[in-house]
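We did not get these values from a lab; they are worked out from the coordinates using the rules stated. Since this is a predicted model, take the numbers as computed values, not measurements. All Cβ positions, even for glycine, are placed from backbone atoms using ideal geometry, and neighbour counts span all protein chains on display.
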Amino acid sequence: MKLEVIKELIVAKLEAESEAILQQWATPQGTATHYFYIDNVLPVELADAIYAAFPKQGDGFHQRKSFREQKSTFAALADSTPILNDITKAFQLPEVIEKISELVGMKALQGDPTLYTGGLSMMFKGDFLNPHIDNSHDGNRQRLIFTRK
């Protein structure tokens, strides 16, 4: 399936679920953090094809280990199968980002087309991801640091 078709499927699902998205976003449950989720974003056949293309043993993935996480990641999508490349890129396309922005009322949403903070992830038994704030902020931004004597 082509990138454009996948993008259209995602945007159509966002539109179809807009009321549920707005409800979830406006009334977060158990947290002050706004969020939404959508079940069955993609047709089952497409989801099955993506699953079948996903490497089962982490071949080509880079193992990440720190106090924050232990998982395998892969961002060189040009080296992956077309379907994995297309599904990952589809979620970063301006039309998808703009639809989400419109639904949640956040005008400055930006995608991550370089996959600096993402790509594909895979976890095996014993892997983990602790809650953390990513270092994906503007590194040139000035910071105020307090020290104690």
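Per residue Cα convex hull volume for the chain, in cubic angstrom?
Working: hull volume 26.9 nm³, N = 149.
Taking the convex hull of the Cα positions in the chain, it is 181 Å³ per residue.
Estimate the FRET efficiency between ASP59 and SER18 by the formula 1/(1 + (r/R0)^6), using the beta-carbon distance for r and 35 Å for R0, to the nearest 0.05.
Here the calculated transfer efficiency is 0.35.
What is the sum of charges, Lys and Arg at +1 and Asp and Glu at -1, for the other residues whose Cβ falls under 15 Å from the Cβ of TYR51?
Working: positive: LYS56; negative: GLU45, ASP48, ASP86.
Around TYR51, the charge tally is -2.
Suppose every K and R has +1 on its Cβ and every D and E has -1 on its Cβ; what is the size of the dipole of the chain about the Cα centre, in Debye to the nearest 20? Walk me through the numbers before you get to the answer.
Numbers: 16 positive and 19 negative charges, 223 e Å.
That gives a dipole near 1080 debye.
Arrange the peptides 46-55, 28-37 so that the one whose residues have, on average, the most other Cβ atoms within 10 Å appears first. Write down the numbers at each step before the final one.
Numbers: 46-55: 14.0, 28-37: 9.1.
Top to bottom by mean Cβ count within 10 Å: 46-55, 28-37.
Rounded to the nearest 500, what is the chain's calculated 222 nm mean residue ellipticity when only DSSP H runs of at least 4 contribute -39500 (n - 2.57) each, over all residues? Provide the component values of the computation, followed by the final result.
Working: 5 runs with 53 residues, N = 149.
Dividing the helical sum by the residues of the chain leaves -10500 deg cm²/dmol.
With Cβ to Cβ distances under 15 Å as the rule, what net charge do the other residues near ILE97 carry (K, R +1; D, E -1)? Don't skip to the answer; put the middle values down first.
Details: positive: LYS7, LYS13, LYS89, LYS99, LYS107; negative: GLU8, GLU15, GLU95, GLU98, GLU102, ASP112.
With Lys, Arg at +1 and Asp, Glu at -1, the net is -1.
Give me the net charge for the shell around GLU4: Cβ to Cβ below 13 angstrom, other residues only, Lys and Arg +1, Asp and Glu -1. Could you put the intermediate results ahead of the total?
Details: positive: LYS2, LYS7, LYS89; negative: GLU8, ASP86, GLU95.
Residues near GLU4 contribute 0 overall.
Work out from phi, with θ = phi - 60° and the Karplus expression 6.51 cos²θ - 1.76 cosθ + 1.60, the ³J(HN,Hα) of each residue of region 108-113, listed in order in whole Hz, and give x for Gly and Pro.
3J(HN,Hα) across region 108-113, in whole Hz: 9, 5, 10, x, 10, x.
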